[in-house]
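Values in this text are rule-based calculations from the coordinates and carry no lab data. Predicted, not measured: the structure shown is a model, and the values here were computed from it. Note that we place each Cβ from the backbone using ideal geometry, even for glycine, and neighbour counts take in every protein chain shown.
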Amino acid sequence: MGAITQEIKKYYSMSKRERWIYKFSNLWMTPLIYSILAFTLFLCTSWADLWMDFGSVVPSFLDPSYDLTRNILATLTAGLLSLTSFTFYGVLTALTTFSGQFSPRILKNFMITRKTQHTLGIFIGSFLFVLLSLLFLNKEASYFFIPTSATFLAVTSLGAFVVFINHIITWLQITNMTLDMKTESINIMDDSLIKELNPYRVENESAVKEDLPESEGYQVRIQSSGYLQKVNFIGLLEEAQKDGIVLRLEYKVGNFVYYSTPLFTYWKNNSSSGNVDIEKYKSMFHFGKGQTEIQDIEFSLNKFVEIAIRALGNHDPKTASGTIYQLGDLLINISQNSHFTPYLADKQNNLRVILKSLKFEDYLYVSFASIRHYSRKNIVITMDILNVLHAIAQGVCERDYDPVWEFVVYTVKGFEQEYLHDLDRKQFYHILWEIASITDNKAGYYNLVEKTLSQISDKDELEEAKTVAYPKGETK
């Protein structure tokens, strides 16, 4: 009973979008709704045909006989079952192949799309209706509403089948899939980073400097293990304000929490009211067997990274490039809409919660470090990364210029220069100069150029490289 109560509390602590994901991430929810609707329709049509005998007042040319009704229902029962089985067998085969080529984590994204959910619901609801209607057929009754409704549902199922096949073909195009994933990631960011936390983030960190605890706090350890899927940050902040304490989280959402390790640390202050109810705070941390996207933007970024890396392994640079572009657009959104301070304060501007959060350089690393590693011998993909970093430099807030340039340096140092040839070198240094100009790191550009030129052993090639590395009218 306690576990059920805990799940109910967890459900009502969720935002509207989190509740939708919680309900519809399982395939049984939408079919259950359609099954209830189908059962309701069955009761209505049975009441009209079997009990009220409305079929007897219908003109004879619209009144199907018992045998015709039975044949219609029997045919539709077998047909709808075959249609459902065939459709989802084909879908799972296609998705299995697709997930093996790119990422198995995209399966969930596909299954929670509204068209997928509604199509499955229509198929199952229609099958349930015709099956129940066939079961309760009576030779003595006149039928109109049951066969008419069954025929209408069959036509609806055929229409849903056509729409669903088109949805599969459209969604499985990599450009549409990554765009859908990016939109989902932006929604996650809006909910978890902007709407929920930004109103409480401390922009001026010096304002809470005096509230930062210096003494050793009370550690609270977790007695289980699993992925930290969600934290009720607002609840933590409100309860910390009531108890007059400061909390510091030792894990961030998406981390694997180990058994008997500190989950959070708290400090009491002069306004603290007696004993602190530890279980109350523990209940605001939700754990599970795997990562989820509800509050974990890093998990969303890793999906893009996995697609790009697998595309490189499958010699599909176009897919890798398209995924990198979507990552860049997402990072610009993160920079423009997020405050990267770990401090949350109450309405009186008193420090209450210290987060273990990512900064912009961390998001850059999560997004591009693995791709940069696997493309270190691929000038085309490396240039795509640099072009995206150039776009990011143009779109991000000024505070994030240095992290962008530092990641550019990190990318260039990891690239194996022997794969850089004359035609590539001009574009390579040009984009580096553009990024350096935007981020005000021209001195850093010259230092980086010197290091790259030092790797060229051929004298003629070195002289040619110098002519393109140093922009005209610019000196070191």
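Observations on the model:
- Residues of segment 366-399 with amide N under 20 Å of the 7 Å Cα→Cβ point at residue 427: 371-394
- Taking only Cα atoms of segment 184-330, radius of gyration then Dmax in Å: 19.0, 63
- Stretching residue 362 away from residue 78 to a fully extended chain increases their span by 96.8 nm, per 0.36 nm per residue minus the current alpha-carbon distance.
- Mean Cα-pair separation over length for the chain, i.e. relative contact order, pairs under 8 Å, 6 or more apart, %: 13 percent
- Relative contact order [Cα under 8 Å, 6+ residues apart], segment 151-299, whole percent: 28 percent
- Only one item in (i) -0.59, -0.78, -1.05; (ii) -0.44, -0.75, -1.13; (iii) -0.43, -0.69, -1.01 matches log10 I(q)/I(0) by the Debye sum over Cα atoms at q = 0.06, 0.08, 0.11 Å⁻¹ derived from the coordinates shown, and that item is (iii).
- Extension gain, residue 139 to residue 89, is 14.3 nm, computed as 0.36 nm per intervening residue step minus the present C-alpha separation.
- Per the Debye calculation on segment 202-288 with a single equal scatterer at every Cα and no solvent contribution, log₁₀ I(q)/I(0) for q = 0.16, 0.26 Å⁻¹ amounts to -0.67, -1.40.
- Listed residue pairs exceeding 30 Å between alpha carbons, taken from 108/356; 182/451; 282/347; 289/413; 268/289: 182/451; 289/413; 268/289
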